[in-house]
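These notes are about the structure you will find just below.
The values are calculated or read from the model by the stated rules, or taken from the named source; none is laboratory data. Everything numeric here is computed off the predicted structure, so don't read it as measured data. Heads up, the Cβs are rebuilt from the backbone with ideal geometry, glycines too, and the neighbour counts pull from every protein chain shown. SASA here: full protein model, heavy atoms, side chains in, ligands and nucleic acids out. Shrake-Rupley method; radii C 1.70, N 1.55, O 1.52, S 1.80 Å.
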Amino acid sequence: MLIPREIGGCLDALEQAGYEAYLVGGCVRDALLGLTPHDFDICTSALPEQTQAVFSGCRLVENGKKHGTIGVVTGAGVVEITTYRTEGGYGDCRHPDWVEFVGDLREDLERRDFTINAMAWSPARGLQDPFGGREDLKNGVLRAVGDPSRRFREDSLRILRGVRFAVRFRLTVEEETWQAMVRQAGLMDALARERVYEELCRILPLVTAEDLCRFAPILAAAVPELGPMIGFDQHSPHHAYDLFTHTAHVVAAVPEELTLRWAALLHDTGKIPCFTRDENGRGHFYGHAPRGAQIAGEVLTRLRAPTALRERAVTLIAQHMTRLEPDRKLLRRALSRLGWEGVEQLLSLQEADMISKGTGEHDASDHFTRVREALSQLRQEEACFAVRDLAVNGRDLMALGLQGADIGLCQRLLLSQVLDENLPNEKDALLGYARTWAATRG
Ligand code: ATP
Ligand code: MG
């Protein structure tokens, strides 16, 4: 295993002081997979005070000391060194209720969630793998350490962590572990919503449509609004998939960007309350876009998503049925409302929605290519989409004698004329128009 000099230095220093020291967890797993680990965690038989003494010449980070962790500041960043420990449940859903330092590596590995994360390695002592993590990794299996039911009861976030590792490393979940994950998914209700949100944010950019479908019951436990979508027959000739499968395809088809992935996941939640069937038995979903936007707003508020993400996702969902057209005036309007990023996100969502119906009916359409062409033309023209882009400003309008609220009103009027291409965005033309308008205001 190739390890940075600073990390090797920490392991050596501890060993030379008479303690055991190993790399542990994610970095060992990643190295066995041939991946470059993004951080290196060390575990040791030294107690926190002893670790402090070994690294007394270094700058230390001590706020994790109660849980056994001392951070050593090195040229390669902070290296976390944690005393072998066992731990109690996660009553506050963030930190273990108690930790107990132990003398033995095996006990430390035993508290870890999955076998692939429960391996340790040191240059002096080689690989320590008491639960068969290397074999599981080789066979592509995700398996809880010990009794899965008990492990998920101790900390139900492990259920979502399991989904994340299975998705990230394309693992099959071992049967007993899988049964326990599904059976106990309801325990996640007790978790801090932020923790659930963070895990989902780590999962969403990685998933394929198949992943979302296989983990649907677990995702629905984390976001209950998804539950009724699973297996929901849309009774529509335009949809070959049930509602959740369609959603899964849309999520996987949008770019790997969080806002878009959340918008895709929740874009059709409004279909459930808006479902009706006509006399021919055909399903309809009138008003599902605004209703879905409202539901998405509630979900993302509950999960404590950042306001900017929530607001953008809600807007995208509200607009997802209002098709962007390859029409300059309409696109200028949309750009004025949503900005460039927003329009591009909306276009991605609408395109993903279109190609995820499973019927193939839109495969030959060049609609989205034409919208993109029209957009790139507008971009090259550096066109005006907002009041701040106008060739006149508030002061120019004041000079014409306009005051107070009339200034804003006039600016919006000018923008509207420019967006509709009735006026060029040029100072003289705008001032001329504004002067006439000001005259009508007396
Ligand atoms: P990543 O590459 O995503 O950081 P990781 O395996 O390093 O993956 P971390 O969350 O950094 O994951 O945790 C480090 C190690 O601590 C894990 O490999 C695992 O052994 C252990 N661990 C972390 N969280 C838990 C948990 N909730 N329950 C049990 N063990 C855990
Ligand atoms: Mg890690």
Task: Set 259, 276: member being polar (S, T, N, Q) and under 25 Å from residue 210 (Cβ atoms) - done: 259
TODO: Out of the residues in segment 10-19 that are farther than 15 Å from residue 84 by Cβ and crowded, with 18+ Cβ neighbours inside 10 Å, state the one that is farthest from ligand 1 (Cβ to nearest atom).
DONE: 13
Task: Long-range neighbours under 8 Å by Cβ, at least six apart or interchain, first residue of a type in the set (Phe, Trp, Tyr) within segment 160-187, second assigned to a helix (DSSP H, G or I) and within 15 Å of ligand 1 (Cβ to nearest atom) - done: 165/116; 165/117; 169/116; 169/137
Open item on the list: Given the criteria under 24 Å from residue 202 (Cβ atoms), among the charged types (D, E, K, R), assigned to a helix (DSSP H, G or I) and open to solvent by 10 Å² or more (accessible area, probe 1.4 Å), does residue 310 qualify?
Closed with: yes
Task: When residues of segment 346-378 are limited to those that are among the hydroxyl-bearing types (Ser, Thr, Tyr) and open to solvent by less than 30 Å² (accessible area, probe 1.4 Å), the one nearest to the chain's Cα centre (by Cα) - done: 348
Task: Residue, farthest from residue 119 (Cα to Cα), within segment 20-37, restricted to residues that are buried (at least 18 other Cβ atoms within 10 Å of the Cβ) and away from ligand 2 (no atom under 13 Å from the Cβ) - done: 20
TODO: Looking only at segment 189-212, count how many residues are farther than 17 Å from residue 159 by Cβ and hydrophobic (A, V, I, L, M, F, W, C).
DONE: 1
TODO: For residues that are surrounded by 23 or more Cβ atoms within 10 Å (Cβ to Cβ) and outside any strand (DSSP E or B), scanning just segment 114-129, find the one that is nearest to ligand 1 (Cβ to nearest atom).
DONE: 118
Open item on the list: Within segment 31-45, take every residue that is part of a strand (DSSP E or B) and under 16 Å from residue 126 (Cβ atoms) and give me the one that is farthest from ligand 1 (Cβ to nearest atom).
Closed with: 42
Open item on the list: Restricting to segment 140-179, count the residues that are in a helix (DSSP H, G or I), away from ligand 2 (no atom under 16 Å from the Cβ) and under 17 Å from residue 221 (Cα atoms).
Closed with: 8
Open item on the list: If I filter segment 264-280 for residues that are in a helix (DSSP H, G or I), under 20 Å from the mean Cα position of the chain (by Cα) and not hydrophobic (A, V, I, L, M, F, W, C), do I get at least one hit?
Closed with: yes
TODO: Within segment 255-291, track down each residue that is touching a Lys or Arg at 6+ places or on another chain (Cβ under 9 Å), among the basic types (Lys, Arg) and open to solvent by less than 40 Å² (accessible area, probe 1.4 Å).
DONE: 271
- [ ] Quick one: residue 155 ticks every box in (1) acidic (Asp, Glu); (2) modelled with pLDDT of 95 or more; (3) within 22 Å of the chain's Cα centre (by Cα) except a single one, so which number is it?
- [x] (2)
Task: Any hit, segment 82-96, residues being among the basic types (Lys, Arg), open to solvent by less than 40 Å² (accessible area, probe 1.4 Å), within 29 Å of residue 174 (Cβ to Cβ) and within 16 Å of ligand 2 (Cβ to nearest atom) - done: no
TODO: With the condition kept exactly as written, say whether any residue in segment 47-62 is within 12 Å of ligand 1 (Cβ to nearest atom) and either open to solvent by less than 30 Å² (accessible area, probe 1.4 Å) or touching a His at 6+ places or on another chain (Cβ under 9 Å) (or both).
DONE: no
